[in-house]
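These notes are about the structure you will find just below.
The values are calculated or read from the model by the stated rules, or taken from the named source; none is laboratory data. Here the structure is a predicted model, which means the values were calculated and not measured. Note that we place each Cβ from the backbone using ideal geometry, even for glycine, and neighbour counts take in every protein chain shown. Remember, those area values only see protein heavy atoms, side chains included, never the ligands or the DNA or RNA. Shrake-Rupley method; radii C 1.70, N 1.55, O 1.52, S 1.80 Å.
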Amino acid sequence: MKFTSRFEAFGRELIGQRIFSYGTFSKARGVLNHLAGVSENKVRGVQSCGSPNLSSGKFGAVIMKTTASAQDTPVTVILGWNSSRGKHLKKYSKIFEDKSFDTICVPAKPVNTFLRPGTKVKTIGLYILDLLVDLNCQKRPVFLYAFSNGGCALFFHIMEVLSYPTTAYYQAVPVVGTIFDSCPINPDIKSLQATRESVTDMIKNPIMKAALWYSMTAFIPPVIYLNGTVKRFMSGMIESPLLCPQLILYSKTDKFAPYQDIDSYIQARRHKGIHVTSKCWNSSEHVNHYREHTDEYLQELNAFTDFCLTSYHDQKK
């Protein structure tokens, strides 16, 4: 018993400190000083690092302001996958920077996604909305761009507080389009094996890998069965009052995001009358579709954002 208790404590320490600090934006260099003319001291948790376009915020948030930024410039919020790093999300930010969009990149940590989906993840989601409001995005077209479980968990909380009149952020910013890469999937017990693999694959030390595997096996099932956020996640995603167009990018060979789950979500949203564009490749790895199908990926992304912005501006006329 003593050995088991010590092993569990060791696993908790790994989860809380060493493993999941890997790949965050702790050394990122920025969230912008002045987005849309807002002074730095009005933006929550934002610190300049000497660049007029780049600064850093809480929870690893990084915001890039393009040189063409203005009061009506579109903003894309990039919600990264678990243990995503600055160099990973930067290439997606660059897609939108080249279109003269401003971007906010926020990484995800597995310990939050899998063990604190209704507390810490919600806190980060609310902080992102604080940033958008403080940075005068109430009248700017906003895209939400989520990757895998980590990004989709953040999206879920942002979606909820924007969609329901009982929240302080109801319709706070105009979301004109949502983009999903390798998600959403149903967070049930069947996905536990894939979840463990997705997290432990990056761990090289066999002892640490075994400890992490054990810890996830012990601690994640109770979250799946008992956590209210997890239990309502997929139904909430399907029933979401956020009615803007959606783009979903996935593949049939992604072992961490079963295409059947994503197919079911697409069909359910279309049944509700939502405009859903999807691209399912026959072969590409998890959150690697852009790298493996660059031209097609960009074509889908550009066509979708153009469609959303045209619809948004037509509705304003």
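With respect to the conditions (1) under 22 Å from residue 78 (Cα atoms); (2) at pLDDT below 95; (3) in a loop (DSSP other than H, G, I, E, B); (4) open to solvent by 10 Å² or more (accessible area, probe 1.4 Å), residue 238 lacks only one, and its number is (3).
Of all residues in segment 276-307, those being open to solvent by 80 Å² or more (accessible area, probe 1.4 Å), assigned to a helix (DSSP H, G or I) and not charged (D, E, K, R) number 2. Among the residues of segment 255-274, the ones that are open to solvent by less than 10 Å² (accessible area, probe 1.4 Å) and in contact (Cβ under 8 Å) with a residue 24 or more places away in the chain come to 4 in all. The condition of being in contact with a strand residue (DSSP E or B) (Cβ under 6 Å, 6 or more places away or on another chain), of a type in the set (A, V, I, L, M) and either under 20 Å from residue 74 (Cα atoms) or at pLDDT 95 or above (or both) holds for only one of 133, 175, that being 175.
Would you check if residue 143 is open to solvent by less than 10 Å² (accessible area, probe 1.4 Å) and modelled with pLDDT of 95 or more? Even if it seems obvious, please write down each step before you answer.
Values: open to solvent by less than 10 Å² (accessible area, probe 1.4 Å): yes; modelled with pLDDT of 95 or more: yes.
Yes, satisfied.
Residue pairs whose Cβ atoms lie under 7 Å apart, separated by 6 or more positions or on different chains, with the first residue in segment 292-317 and in contact (Cβ under 8 Å) with a residue 12 or more places away in the chain and the second outside any helix (DSSP H, G or I) and aromatic (Phe, Trp, Tyr), are 293/281; 305/143.
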